[in-house]
Amino acid sequence: MSVARADFGAFFAAVRGGHRPFRWQERLLDHVLRTGRWPDQLVAPTGAGKTSVVDVHVFAVALMASGHPVRVPRRLALVVDRRALVDDQHEHATSIANQLAQARGGASVLGRTADALDSLRVGRREPSVSPLSTALLRGGAPPSRQWLDDPLGCAVLCATPDMWGSRLLLSGYGSRAQAWPREAGLLAYDTVAVVDEAHLSQQLVTTARRIAELAAVAEEPLGVPTLQAVETTATPRVDAGVAVGVEQDDLEADETLRQRLTTPKPVNLLPLESWPIPRSGPARKAGVTALADEAVRLREVYGPTVGCFVNSVAVAAAVAGELRARGMATELICGRLRPYDVARLRPPRSTLLSIAGDPAIDVLVSTQSLEVGVDLDLAAAVTELAPGGAIAQRAGRVNRLGQRATEVTVVVPATDLPTDAQSGPYQREDLAAAHAWLAQRHADPAGLSPWALREPRPPAPALKRDLLQRLELAQAWHLARTNDDLAAPQDDLDLWLSDDLDEPDHEFGIVVRHALPADEAAAVRLIETLPPRKYEVFPVSIRRATKILERLKPGSVLVRPGDDAPRPLVGGDRLRAGDQLVVDDTTELFTAGVVDPEGTERVDDVLDALDEPRPGEVVLRIERNNAAHGRLLDAIAAVDPADADSQALEIARLLRAHLDKLTRRPMVAAAADLLDQPADGPAGAEVTLNWEDSDDGEPALARLIVVDLRKATADAELRQTWTPRRRAVPLHTHAEAVAERAGTVAGRLGLTTELVNVLRLAGLHHDDGKADDRFQRSLAANPTSAQPLAKSGVRDARRDRKLRAASGLPTGWRHEQLSVVAAWPGLSTLDDEDRDLTARLIGTSHGHGRHGFPHTSAQLVDNADEIAATLFDEGLWDELIERTHIRWGVWGCAYLEALLRASDGQVSAEGS
């Protein structure tokens with residue numbers, strides 16, 4: 001079954017709770033379908049429904065899959081410099097993905113859309129996997145990677161500028177260097193990036209469009225659409241290209257849209273002698289009292305819920321305390337919350353952070369957290385002075401539907417700001433500009449209504465750099481050396497990404513865990529088994545890293561995505577964007593539930609706070625205050641761990657025996673089901689016991705962790721030697737499967753016949769080097785067998801590493817380097833360009849070899865031959881890499897590498 005253009009209204013209503021699309025959203029879809037390109041500008045004020053670009057993208061790709069003649073980008077990247085909005089967009093995309101997965105095979109518009117999107121893909125389709133891939137890429141959260149294995153499918157990526165831009169520049173923050181080319185290639189082709197609040201990300205837009213230019217001018221274009229960059233704005237610029245969005249006629253034709261955008265939001269200015277509010281002293285008391293007084297007045301006039309926006313965690317906590325002392329039902333949301341903490345205030349647990357609201361809450365106090373990203377409809381609001389854009393976003397949470405009278409009070413200085421004035425993260429220059437602009441808005445009855453903010457626009461923060469930088473070809477070649485130690489560090493990309501070169505704000509993450517072992521080795525093993533989950537990570541500004549590190553006690557664990565494994569945090573460590581720090585739950589580093597370098601509070605571990613087990617993983621924290629729980633824990637602790645399979649089956653028996661006496665029965669049953677898998681079956685489970693010190697000084701079991709071993713299919717390194725089915729895979733079987741898949745993927749994408757054949761040939765030979773005797777020993781292969789293996793039957797990652805260490809292979813040895821040597825004679829029948837590209841794809845098939853490998857010909861093989869010496873001792877490999885860059889471009893080569901690596905990943909995950 002397929003979908004047609006006429007189905008868009010029904011599709012939109014199905015994923016939006018019955019709401020039909022606005023006229024501008026219909027025009028956007030038609031523009032994309034007519035031209036195959038997204039507009040250069042998207043003109044949509046706050047409240048106009050910009051998140052609908054997700055709906056438009058998904059439906060446009062479904063139409064393409066249904067036979068619409070115009071090709072559209074398969075991937076949509078939503079990029080915005082506000083983490084709360086990134087999370088909100090990801091939540092919406094995930095909601096659509098879940099609805100499509102549930103509707104598969106049905107006759108409804110969602111069912112037909114799902115089937116159309118499924119038809120884009122090849123290979124085995126897991127029923128639990130949605131036809132729409134989603135990914136969250138922001139600092140402090142483990143980056144999503146599944147989208148890299150599906151270059152054919154429809155995807156929505158939600159990202160902050162640094163996380164998206166660093167990936168586009170072959171230097172992804174929080175990613176392994178081996179993944180950088182894959183990410184860059186897929187983002188530079190078949191992708192549209194919608195940059196929200198683009199006036200705050202001018203350098204990023206400049207860089208994205210420059211990379212699209214460089215990709216388009218390669219000697220040999222790929223025939224795949226290059227990156228498209230879209231700016232969102234409230235006011236179109238005549239010099240910025242094609243614009244699609246809300247027009248005056250739309251307001252006259254649509255009462256709902258007119259209410260949202262034009263209902264007045266009058267501005268009331270409240271002068272305060274003590275502003276900016278300091279952290280302590282009488283002046284802070286006066287400021288806190290003024291904010292609380294105004295919140296109470298607004299509550300009496302307009303009813304619940306009133307928003308109170310302040311600029312620092314300390315002031316927020318003080319205001320909330322003052323309001324509660326007056327008997328006001330108050331909720332406090334500060335700083336950079338864990339996704340779990342935000343979800344606690346959202347449906348179905350609560351309606352507070354939803355358009356319906358919660359009338360039982362009188363006042364919602366917040367810092368910048370709720371400026372954007374939460375679809376609130378507050379009755380009124382009081383806010384501290386902040387930059388113009390922040391004020392506009394805070395006002396956007398007030399009377400969002402335009403169905404009531406309201407007002408917004410802004411606390412402003414009673415006199416001119418001191419030259420060194422600062423409020424929270426905001427600087428004097430931006431605060432003074434906002435103050436002057438608010439005086440104009442105060443005089444206008446429309447106040448802060450979205451339509452009134454089109455002109456004059458809220459003052460944008462001053463560009464804190466002299467000029468925008470254009471990426472040059474030589475710099476692109478430099479960035480392409482992803483495996484080399486470069487003179488300039490690649491984790492400092494602000495020259496091409498940031499509008500502020502003085503204080504670029506990247507993020508790392510902090511995770512709180514109960515019973516983190518005091519022994520460093522045990523702590524590392526635990527985090528390796530149970531790495532940070534997205535919902536438990538506090539995002540933290542890298543600017544605060546030094547003060548935080550000074551306060552951490554020994555025993556914290558550093559998870560750096562570029563490292564092979566977690567490791568203990570040591571003195572002198574310098575945190576990077578994308579890092580995660582795991583700390584014990586006794587760490588006092590928090591204020592009002594968020595990370596604070598001067599905080600004195602603790603927060604709870606939420607790892608096992610979810611009510612349902614995660615797919616393929618169960619974490620049981622069974623409290624000892626229940627007698628039945630205690631007896632179960634004692635019985636589990638007594639099981640002999642010598643035989644892993646017997647241990648798993650015995651623990652499964654114990655769990656089932658105690659099931660009727662336990663709470664959280666779905667979790668216990670899921671753990672038993674995983675552990676019950678037969679030893680010779682297609683999967684297995686690994687059990688880890690997490691111990692803690694008890695009150696009597698004896699070790700006690702804190703957690704039982706059960707992990708489906710099939711989760712290793714998500715690990716790019718393990719997939720090179722491991723199969724989810726507990727059996728070995730012959731080398732020729734794997735190579736033929738990868739070759740077939742690579743050719744199919746390339747053909748589906750419309751690549752030329754020459755490129756299809758190159759990818760197929762590269763897939764056939766990418767693992768030839770695995771035939772080396774030493775590598776076969778690392779797979780525990782039968783030494784008498786004439787048939788070399790591609791994948792082992794070993795199912796334990798630790799044993800896999802031990803076999804590798806005992807094999808005789810040099811440290812860092814790469815089988816794909818030897819694969820190039822083995823395949824080179826057979827490539828001589830190709831013309832020079834195709835030979836070079838095929839050899840390159842073989843050698844870079846796991847992200848290495850860009851530009852060099854660590855070993856000479858003598859180190860690569862026991863008896864070095866002339867081919868190996870010519871390639872890797874005399875410089876032919878480096879020349880080959882540069883020739884392919886000239887012909888297909890830096891990002892074109894990265895894209896082709898991404899296609900081969902995705903094909904390899906797919907068939908490995910399927911068991912071949």
Fill in the blank from the handout: For THR811, the lone unmet condition from (1) among the β-branched types (Val, Ile, Thr); (2) within 30 Å of ARG75 (Cα to Cα); (3) not in a helix (DSSP H, G or I) is (2)
Completion exercise
The residue that is farthest from the chain's Cα centre (by Cα), considering only those in segment 241-286 that are among the hydroxyl-bearing types (Ser, Thr, Tyr) and open to solvent by less than 60 Å² (accessible area, probe 1.4 Å), is SER274
Practice task
Could you check ARG75 against (1) within 19 Å of the chain's Cα centre (by Cα); (2) under 30 Å from THR262 (Cα atoms); (3) open to solvent by less than 30 Å² (accessible area, probe 1.4 Å) and say which number it fails?
Solution key: (2)
Practice task
Kindly indicate whether ALA894 is closer than 25 Å to VAL745 by Cα, of a type outside the set (Asp, Glu) and open to solvent by less than 10 Å² (accessible area, probe 1.4 Å).
Solution key: yes
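So that you can scan it fast, the table gives a plain yes or no per residue for (1) surrounded by fewer than 20 Cβ atoms within 10 Å (Cβ to Cβ); (2) of a type in the set (A, V, I, L, M); (3) out of contact with any Lys or Arg (no Cβ under 7 Å at 6 or more places or on another chain):
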site	(1), (2), (3)
ALA314	no, yes, no
ALA320	no, yes, yes
ARG326	yes, no, yes
CYS334	no, no, yes
ASP362	no, no, no
Practice task
List the number of the failed condition for SER845; all other conditions in (1) open to solvent by 10 Å² or more (accessible area, probe 1.4 Å); (2) not in a helix (DSSP H, G or I) hold.
Solution key: (1)
Completion exercise
The correct count of residues that are open to solvent by less than 10 Å² (accessible area, probe 1.4 Å) and under 19 Å from THR263 (Cβ atoms) in segment 383-396 is 5
Handout entry: Residue tally, condition open to solvent by less than 20 Å² (accessible area, probe 1.4 Å) and touching a residue at least 40 places away in the same chain (Cβ under 8 Å), over segment 740-765
Key = 10
Practice task
Take GLN859 and decide whether it is touching a Pro at 6+ places or on another chain (Cβ under 9 Å), open to solvent by 20 Å² or more (accessible area, probe 1.4 Å) and either under 26 Å from LEU751 (Cβ atoms) or outside any loop (DSSP other than H, G, I, E, B) (or both).
Solution key: yes
Handout entry: Qualifying residues in segment 290-317 (those that are at pLDDT below 90 and of a type in the set (A, V, I, L, M)) - the one farthest from ASP604 (Cα to Cα)
Key = VAL315
Completion exercise
Quick count over segment 176-210, residues being assigned to a loop (DSSP other than H, G, I, E, B) and open to solvent by less than 10 Å² (accessible area, probe 1.4 Å), is 2
Practice task
State all residues of segment 477-500 that are hydrophobic (A, V, I, L, M, F, W, C) and either within 22 Å of GLY578 (Cα to Cα) or at pLDDT below 90 (or both); if no residue qualifies, say none.
Solution key: LEU479, ALA480, LEU486, ALA487, ALA488, LEU493, LEU495, TRP496, LEU497
Handout entry: All positions within segment 87-134 that are buried (at least 21 other Cβ atoms within 10 Å of the Cβ) and assigned to a loop (DSSP other than H, G, I, E, B)
Key = SER130, PRO131
Completion exercise
Given the conditions (1) without any contact (Cβ under 8 Å) to a residue 60 or more places away in the chain; (2) out of contact with any strand residue (DSSP E or B) (no Cβ under 6 Å at 6 or more places or on another chain), every one holds for LEU100 apart from (2)
Practice task
Select from segment 26-62 the residues that are assigned to a helix (DSSP H, G or I) and open to solvent by 10 Å² or more (accessible area, probe 1.4 Å) and list them in ascending order.
Solution key: GLU26, ARG27, ASP30, HIS31, LEU33, ARG34, THR35, LYS50, THR51
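The values are calculated or read from the model by the stated rules, or taken from the named source; none is laboratory data. Only a predicted model underlies this, so the values are computations on that prediction, with no experimental measurement involved. Neighbour counts run over all protein chains shown; Cβ positions are idealised from the backbone, glycine included. Remember, those area values only see protein heavy atoms, side chains included, never the ligands or the DNA or RNA. Shrake-Rupley method; radii C 1.70, N 1.55, O 1.52, S 1.80 Å.
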